Every structure is written in C-alpha cells, then in structure tokens.
Amino acid sequence: MKTKVKEFRTAAEMTQQQLADLVHVSSRTIISIEKEQYRPSLMLAYRMAQVFGVTVEELCCLKENKEWEDKQYENL
C-alpha cells in the first residue's frame, strides 16, 4: 500500500527510529511501511497522522490506493 510516511517523515527531519518511538513500534515497522511491504493498522496510521498533523486519508493515500485496487478487481 502506498503511503506518504517517508515524505512526511523526511520533511519533518525525523529519523525512522524517532517516528517509531513516537508511535510505539519498531524502526523495522516504519521501514516496511515506507517500502510498501506492510500495511499499517488503522490505529498505527492514526498515530502517524497525528504526529504529522495530517489526516489518515492523506497519509495513506486512500483515494489513490482505492482506485488502484478497484482496477485490480476489474481485471478479474
């Protein structure tokens, strides 16, 4: 799943470990989210959105991800 975690984190001049500490996960989790290898839980997405002062929809690119997913279903 595409997110803007890395974009917001780097704009905030924050390390992966600093973000991980703020949202109570490991830096490995943040790395996996940034590499689109892991989908954050709703609560984790909410915590990260609060850190950056954005909505979950914006942080997790929900509109774009829904459009991509809808196209995948059309091809079944």
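For the structure I just gave you, tell me whether Met1 is at pLDDT 95 or above and either surrounded by 16 or more Cβ atoms within 10 Å (Cβ to Cβ) or assigned to a helix (DSSP H, G or I) (or both). Considered against the rule, which asks whether it is at pLDDT 95 or above and either surrounded by 16 or more Cβ atoms within 10 Å (Cβ to Cβ) or assigned to a helix (DSSP H, G or I) (or both), Met1 comes out as no. The numbered conditions (1) modelled with pLDDT under 95; (2) surrounded by 14 or more Cβ atoms within 10 Å (Cβ to Cβ) are all true for Gln72 except (2). Across segment 38-68, what is the number of residues that are open to solvent by less than 90 Å² (accessible area, probe 1.4 Å) and part of a loop (DSSP other than H, G, I, E, B)? Residues in segment 38-68 being open to solvent by less than 90 Å² (accessible area, probe 1.4 Å) and part of a loop (DSSP other than H, G, I, E, B): 7 in total. Looking only at residues of segment 18-37 that are open to solvent by 100 Å² or more (accessible area, probe 1.4 Å) and under 12 Å from the mean Cα position of the chain (by Cα), we find that the one that is farthest from Glu7 (Cα to Cα) is Gln37. Looking only at segment 19-37, how many residues end up being among the charged types (D, E, K, R), in a helix (DSSP H, G or I) and farther than 17 Å from Phe52 by Cβ? Qualifying residue count, segment 19-37: 1. Selection over segment 48-64 of residues that are in contact (Cβ under 8 Å) with a residue 12 or more places away in the chain and more than 10 Å from the chain's Cα centre (by Cα) gives a count of 4.
Contact map, segment 13-42: residues that are under 14 Å from Leu59 (Cβ atoms) and β-branched (Val, Ile, Thr) paired with residues that are open to solvent by less than 100 Å² (accessible area, probe 1.4 Å) and in a loop (DSSP other than H, G, I, E, B), Cβ distance under 7 Å, separation 6+ or inter-chain. Pairs shown: Ile33/Thr3; Ile33/Pro40.
The values are calculated or read from the model by the stated rules, or taken from the named source; none is laboratory data. From a predicted model like this one, the values you see are computed outputs, not experimental measurements. A quick note on method: Cβ atoms are made from the backbone with ideal geometry, for glycine too, and the neighbour counts reach across all protein chains shown. When the accessible area is computed, the model is the full protein with side chains, heavy atoms only, and any ligands, DNA or RNA have been set aside. Shrake-Rupley method; radii C 1.70, N 1.55, O 1.52, S 1.80 Å.
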